[in-house]
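The values are calculated or read from the model by the stated rules, or taken from the named source; none is laboratory data. What you see is a predicted model; the values in this text were computed from it and never measured. Every residue, glycine among them, receives a Cβ derived from its backbone with ideal geometry; neighbour counts consider all protein chains shown.
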Amino acid sequence: MIDRRKLLLGGAALALSGCKVLDDAAGDSALHKLFASAENLTMASQRLLSPNALAPTFEPSDIRQGQRPNGSVNADSPEYLSMAAAGFEPYQLRITGLVERPQSISYGALRNMPQQSQITRHDCVEGWSCIAKWTGTPLSAVLNEAKPKLTARYAVFHCFDAIERGLSGEVFYYESIDLIDAYHPQTILAYGLNDAALPIAHGAPIRLRVERQLGYKQTKFIHTIELTDSLLPYGAGKGSYWADRGYEWYAGI
Ligand SMILES: Nc1nc2c(c(=O)[nH]1)N[C@H]1C(S)=C(S)[C@@H](COP(=O)(O)O)O[C@H]1N2
Ligand SMILES: [Mo]
């Protein structure tokens, strides 16, 4: 089987060294092709052989440098900026769509829910990795408050950041995972990074950690989680900004 972790890291020797800019000899497109050919295999093996297998975790001493900011590093709507100015206390996370009990959960209430921390490695498809400590609420706990309907299959994340601006308007970042990953024990809504409040550059006040997938699934700046039975209505139909632009929807590592 293709071991994409080794592929990404160019060998086990790099695995414990915090952020590493990797040998880019393979180039993005070659990497991308390998990802594409391995996607179904990885998804099948993760789902059928080990649906609850855990992503590797690390020790505090493995955190050699800060998380590297990538993609959007801020959001600039008036609503976002005024929340940021108030230390995000006015923030409300909304849970909508195919749920019995739609929720609006304040930043304070979220931090009073069950909390968990994990030291994991973030692998960006552009060829770098970072080890960091993430703290937050299990997504399962949040979804249980909202009671997903039996027809719900996916969680779609809607974000504050406009990743594209043009004459035809703004495109806000969006991502999605299925409910198997949503209920995975390491899937959290993180509000803490390396023992501090999640910085704006990393998606404050709330970003997703879905540890068995690549960086672009680690959705930052989340304002709404919408449960749905189909991804077709979102973006170009894949329910993911980057999947709609050619990357894999299931970005298994
Ligand atoms: N809302 C939002 N989430 C996002 C992105 C983005 O541009 N907007 N970029 C993604 C990509 S490609 C990566 S590698 C990670 C970067 O997370 P970091 O800035 O905390 O390292 O966020 C992901 N989540
Ligand atoms: Mo990324």
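Give just the number: which of (1) of a type in the set (Ser, Thr, Tyr); (2) more than 16 Å from the chain's Cα centre (by Cα); (3) within 27 Å of Ser45 (Cβ to Cβ) does Ser168 not satisfy? Only one criterion in (1) of a type in the set (Ser, Thr, Tyr); (2) more than 16 Å from the chain's Cα centre (by Cα); (3) within 27 Å of Ser45 (Cβ to Cβ) is unmet by Ser168, namely (3). Just one residue in the set Thr137, Thr151 is more than 26 Å from Tyr247 (Cβ to Cβ), crowded, with 22+ Cβ neighbours inside 10 Å, over 13 Å from the mean Cα position of the chain (by Cα) and not aromatic (Phe, Trp, Tyr); that residue is Thr137.
Of all residues in the stretch 70-91, none satisfies being in a loop (DSSP other than H, G, I, E, B), among the β-branched types (Val, Ile, Thr), surrounded by 15 or more Cβ atoms within 10 Å (Cβ to Cβ) and in contact (Cβ under 8 Å) with a residue 60 or more places away in the chain. Checking the stated criteria, Tyr80 turns out to be within 15 Å of ligand 1 (Cβ to nearest atom) and aromatic (Phe, Trp, Tyr).
Counting only strands (runs of 3 or more DSSP E) that fall entirely inside the stretch 151-253 and contain at least 2 residues that are within 16 Å of ligand 2 (Cβ to nearest atom) and under 26 Å from Glu39 (Cβ atoms), the qualifying elements are 154-166, 169-178, 207-209.
Count of the stretch 226-249 residues, restricted to those that are away from ligand 1 (no atom under 13 Å from the Cβ) and either at pLDDT below 95 or hydrophobic (A, V, I, L, M, F, W, C) (or both), is 5.
Quick grid of which residues meet (1) buried (at least 22 other Cβ atoms within 10 Å of the Cβ); (2) among the small types (Gly, Ala, Ser); (3) within 13 Å of ligand 1 (Cβ to nearest atom); (4) more than 24 Å from Ala86 (Cβ to Cβ):
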residue: Val156; (1), (2), (3), (4): yes, no, yes, yes
residue: Glu164; (1), (2), (3), (4): no, no, yes, yes
residue: Gly169; (1), (2), (3), (4): no, yes, no, yes
residue: Asp178; (1), (2), (3), (4): no, no, no, yes
residue: Asp181; (1), (2), (3), (4): yes, no, no, yes
residue: Gln186; (1), (2), (3), (4): no, no, no, yes
residue: Ala197; (1), (2), (3), (4): no, yes, no, no
